[in-house]
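Presented below is the structure to which this report refers.
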Amino acid sequence: MSVEAPSKPVILTGDRTTGPLHLGHYAGSLRNRVALQHSHCQYLLLADAQALTDNAHNPGRIARNVIEVATDYLAVGIDPAITTICVQSALPALAELTLLYLNFVTVARLERNPTIKDEIQARGFGRDIPAGFLCYPAAQAADITAFRATLVPVGEDQAPLIEQANEIVRRLNRHAADKLGHDLLPEARALIPEVGRLPGVDGRAKMSKSGGNAVPLSASDAEIAAAVRRMYTDPGHLRASDPGRVEGNVVFTYLDAFDPDPEAVAGLKADYRRGGLGDSALKGRLAGVLRDLLGPIRERRAAIARDPDRVMDVLRTGTARARTVTAATRDAVQDALGLFRL
């Protein structure tokens with residue numbers, strides 16, 4: 001079975017449904033998704049099945065947050081008329097492709113993946129690693145290839161997963177070359193945002209809702225102000241007249257990511273390094289920037305949340321569309337591998 005080539009470059013991206021989204025998601029991917037949806041064929045995957053790999057003790061949390069994350073997507077400007085929003089667990093072809101792909105990768109290779117190694121250590125699994133978690137690179141390869149995606153927006157730390165997906169693709173293509181005379185599946189490229197990973201408000205390397213250092217997209221003005229007050233600056237900058245360090249200063253990291261006036265931010269950096277700019281004034285500017293950014297998102301989110309039937313319709317329509325696409329890829333892979341058909 002052949003699969004019709006898409007008319008636009010295909011992007012696959014998405015989020016684990018472990019909680020509502022926050023500023024880290026916005027900086028790292030959401031605003032890029034809003035921009036790219038007009039020039040690309042974009043699929044957003046609500047990764048509830050993947051979230052279960054380390055949340056099997058609390059599946060209700062995963063289910064509840066499917067609607068929450070979908071609501072965040074709509075609130076930031078994702079248009080379901082041009083972006084397909086779909087639910088991972090409702091796409092059986094993804095699980096079937098994962099099972100097939102596990103035959104084209106070894107356990108040793110899965111364990112060597114730097115992203116998986118780091119995540120295993122961070123979660124303290126030791127050798128008690130859920131099999132689904134260890135096999136995530138194969139599952140992600142299934143997600144990417146099922147939609148025939150050639151671009152996958154990820155953080156730099158996730159790039160090894162894309163490379164491993166491409167290794168699986170190359171093995172499948174070699175296997176199917178004699179039968180097809182052409183590649184079965186396209187390889188994908190990691191699309192890494194310029195901002196990179198946004199630190200938590202406490203200065204830790206990663207913003208995380210579970211870590212209590214995130215600013216949710218639905219944050220009120222008071223919550224924004226409280227989060228900014230907690231932000232790490234320069235412990236040696238005791239008085240406004242003291243020269244301060246910009247590098248590692250979380251407030252400047254956020255200003256670089258969100259302030260619409262980079263020239264003004266450059267001036268603030270010069271003043272801070274020279275001495276003469278206090279932390280309170282700096283934080284006041286950032287609080288204003290974040291209020292301007294999140295206020296409209298919060299209002300749209302509240303309006304969308306009042307109409308949950310609309311969100312469910314978006315999910316049903318998008319998932320039905322995605323089911324057709326992913327099933328066609330599954331059938332093509334099965335045919336290329338010469339699997340028996342009834």
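The values are calculated or read from the model by the stated rules, or taken from the named source; none is laboratory data. Bear in mind that the values here come from a model prediction, so they are computed numbers and not experimental data. Please note: Cβ atoms are built from the backbone with ideal geometry, for glycine as well, and neighbour counts cover all protein chains shown. Accessible surface areas use protein heavy atoms only, side chains included; no ligands, DNA or RNA. Shrake-Rupley method; radii C 1.70, N 1.55, O 1.52, S 1.80 Å.
Descriptive notes on the structure:
- All of (1) assigned to a loop (DSSP other than H, G, I, E, B); (2) surrounded by fewer than 16 Cβ atoms within 10 Å (Cβ to Cβ) hold for GLY244 with one exception: (2).
- Single unsatisfied condition, PHE340 versus (1) closer than 30 Å to GLY181 by Cβ; (2) open to solvent by 60 Å² or more (accessible area, probe 1.4 Å); (3) part of a helix (DSSP H, G or I): (3)
- Scanning segment 285-323 for residues that are small (Gly, Ala, Ser) and either part of a loop (DSSP other than H, G, I, E, B) or within 21 Å of the chain's Cα centre (by Cα) (or both), we see that the one that is surrounded by the fewest Cβ atoms within 10 Å (Cβ to Cβ) is GLY318.
- Tally of residues being closer than 26 Å to ILE78 by Cα and among the small types (Gly, Ala, Ser) across segment 308-342: 5
- Screening segment 143-160 for residues that are among the polar types (S, T, N, Q) and open to solvent by 20 Å² or more (accessible area, probe 1.4 Å) and picking the one that is modelled with the highest pLDDT gives THR150.
- For segment 177-188, a residue qualifies if it is farther than 17 Å from ALA142 by Cα and surrounded by 17 or more Cβ atoms within 10 Å (Cβ to Cβ), but none of them does.
- Matching helices (runs of 4 or more DSSP H) fully within segment 1-103 where at least 2 residues are buried (at least 22 other Cβ atoms within 10 Å of the Cβ) and in the same structural domain as ALA176 (by the TED database): 48-51, 59-76, 92-101
- Near pairs, Cβ below 7 angstrom, 6+ apart or cross-chain, from segment 200-229 (outside the structural domain of ALA70 (by the TED database) and open to solvent by less than 40 Å² (accessible area, probe 1.4 Å)) to any residue that is of a type in the set (Ser, Thr, Tyr) and assigned to a helix (DSSP H, G or I): LEU217/TYR26
- Apart from one condition, ARG174 fits all of (1) part of a helix (DSSP H, G or I); (2) surrounded by 14 or more Cβ atoms within 10 Å (Cβ to Cβ); the exception is (2).
- Residue match in segment 324-334 (condition: in a helix (DSSP H, G or I), modelled with pLDDT under 95 and either of a type in the set (Lys, Arg) or at negative phi (or both)): no
- So ARG245, is it touching an Asp or Glu at 6+ places or on another chain (Cβ under 6 Å), of a type outside the set (Val, Ile, Thr) and over 21 Å from HIS25 (Cβ atoms): yes
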